[in-house]
Amino acid sequence: MPNELLNFIITSSLYAEYTIENNPGLEQLVQICNKQDRFEMFCPGCGDKKVFMYDGGFSDVTVKNIWNGLHSTGSLNATNYIKYDPLENTDHMYFRFKCSLNESHKLEYFFAKRGSKIIKVGQYPSSADIDLPQASRYSAILGRQYYNELKRSIGLHSHGIGIGSFVYLRRIIEKLVYDTFKEAEAAGVLTELQFEYQADGQHRNGIEEKIKLLKGSLPDLITDHPKIYGVVSKGIHELSEEECMKYFQVLKDGIVMILDDIVAKKEKERATAEYKKSLNEILSKIK
Ligand SMILES: [Zn+2]
């Protein structure tokens, strides 16, 4: 079962709230502190994805008390069960995680605590630094302007701004879809007429249909689920803050997937070109 509390700690926006239920919230807290539940995240220190594990934030006594509270049969079997909250007098929470490759690489998350609710009030490094695993390569593909918009979008989202962050993502998806079409057109796979107009001559407005047309050129996970991207075509007045927050992660992950795909293709082209070059050198010597 995925650890929902851990997921909230590492992915939530600033000022997002989460209620630590007793249970499974406290059980999940103990699993984090006992390093049973770890997670993969881009490590800015390593410049690569690494496994992170709990490194500190709670005293050993507190963790032990929570564990005892959860596992003492007495309190569970009592007819008049009174919820014992070992964190009752805590007004803040702090979690520090360390990179499995280099212990000096840390991720830190700060929360205010009001009752059983925790509210994210800070984190370091920022999510923009963690969320863009191949930053310099992405910047080369997207160009300076769109790359800065992607960073701005992640920054806005991490501050809980839904529609604002969404609008930037939408521009980037539209650009990537259009760029992909241009490549397909150059390869003779699609014409502008097919891409821009439906069979009945009507202008193709939705991005959903355009994504379907690009099967084989965009990652399969995207062309097989074009519906998700339908939200990209909605007018700004049709969008709600909640809807934008909800779709943000999946759209951002889609963008990263497309970019990773392009990076991999360029990498392959480069390797092929190098191989041809060394092949030609050898062939010219044989002659
Ligand atoms: Zn690291």
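Derivation of every value follows stated rules applied to the coordinates shown; laboratory data play no part. Just so it is clear, the model here is predicted, and its values are computed rather than measured. With ideal geometry, Cβ positions are generated from the backbone for all residues, glycine too; neighbour counts draw on all protein chains shown.
Net charge dipole, the chain: roughly 840 debye, given to the nearest 20, about the Cα centre with Cβ charges of +1 for Lys and Arg and -1 for Asp and Glu. Projecting label points 7 angstrom from Cα along Cα→Cβ for T272 and R38 puts them 3.8 nm apart.
Once you list every other residue whose beta carbon is under 10 Å from the beta carbon of I172, what net charge do they have if Lys and Arg are +1 and Asp and Glu are -1? Surrounding charge for I172 is +2. Among residues other than E4 whose Cβ falls under 14 Å from its Cβ, what is the net charge (Lys/Arg +1, Asp/Glu -1)? Charge balance near E4 sits at -4.
The relative contact order of the stretch 13-170 comes to 25 percent, based on Cα pairs under 8 Å that sit 6 or more residues apart.
Once a ≥ b ≥ c are taken as the square roots of the eigenvalues of the Cα gyration tensor of the stretch 132-275, is the result rounded (a/c under 1.5), prolate (a/b larger than b/c) or oblate (a/b not larger than b/c)? Verdict is oblate for the stretch 132-275.
The GluC sites (Glu not before Pro) of the stretch 234-287 include none that meets both conditions, a loop assignment by DSSP and at most 14 other Cβ atoms within 10 Å of the site Cβ.
Per residue, the average separation of C-alpha pairs within less than 8 Å and at least 6 apart gives the chain a relative contact order of 15 percent.
Counting neighbouring Cβ atoms within 10 Å and putting the fewest first, the residues R137, R170 line up as R137, R170. The peptide list 121-128, 245-252, put in order of mean Cβ contacts within 10 Å with the highest first, becomes 245-252, 121-128.
Structural descriptor for the stretch 132-275: relative contact order 27 percent, calculated from alpha carbon pairs under 8 angstrom and at least 6 residues apart. Only lysines eight or more places from K287 in sequence, or on another chain, were considered; those with a Cα closer than 26 Å are K276, K277.
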